[in-house]
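Input: a single structure, listed below in structure tokens.
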Amino acid sequence: LISSRSVNISWRHPYDGQSPIEAYIIEYKSSKEASWEDEASSHIVSVSSTWAELQSLAPSFDYEIRISAKNAVGLSRVSKVLRLKTKEEVPGGPPMNVRGASNGSQSIIVTWR
């Protein structure tokens, strides 16, 4: 499910390597950012879950998401990158400081901010 400010993602439990999975690490970043290491945000999810909701995203924005699993031995390789765009949003309010002035007998000029 993709909305203007959040995304729900899901996955399947991978093979655990004979060491129980302790958590999933979800990394996400703007598609415009080049580096995962410097620019990505992280979200850690309990091992019992196979879904997560990423919140506080920007509307109409391109994101890249990847997931890895963690056990006592270390981190798995990351998943394939999921690319998505959040939905657009309606304006946050009406125009402000609306003003009108006559521009002759048959027209007016309207300005706003």
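The values are calculated or read from the model by the stated rules, or taken from the named source; none is laboratory data. These figures come from a predicted structure and were not determined experimentally. Note that each Cβ is placed from the backbone with ideal geometry, even for glycine, and that neighbours are counted across all protein chains shown.
Quick rundown of the values:
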{"item": "Qualifying residue in segment 79-86 (condition: closer than 30 Å to Arg113 by Cα, touching an Asp or Glu at 6+ places or on another chain (Cβ under 9 Å) and either surrounded by 12 or more Cβ atoms within 10 Å (Cβ to Cβ) or small (Gly, Ala, Ser) (or both))", "result": "yes"}
{"item": "Restricting segment 87-98 to residues that are surrounded by 10 or more Cβ atoms within 10 Å (Cβ to Cβ) and of a type outside the set (Asp, Glu), the residue that is nearest to the chain's Cα centre (by Cα)", "result": "Lys87"}
{"item": "Candidates Ser3, Ser41, filtered to the one that is touching a Ser or Thr at 6+ places or on another chain (Cβ under 8 Å) and hydroxyl-bearing (Ser, Thr, Tyr)", "result": "Ser3"}
{"item": "Long-range neighbours under 7 Å by Cβ, at least six apart or interchain, first residue more than 25 Å from Ser56 (Cα to Cα) and at pLDDT 90 or above within segment 87-107, second among the basic types (Lys, Arg) and loosely packed, with under 10 Cβ neighbours inside 10 Å", "result": "Met96/Arg113; Asn97/Arg113"}
{"item": "All positions within segment 30-69 that are modelled with pLDDT under 95 and among the basic types (Lys, Arg)", "result": "Lys32"}
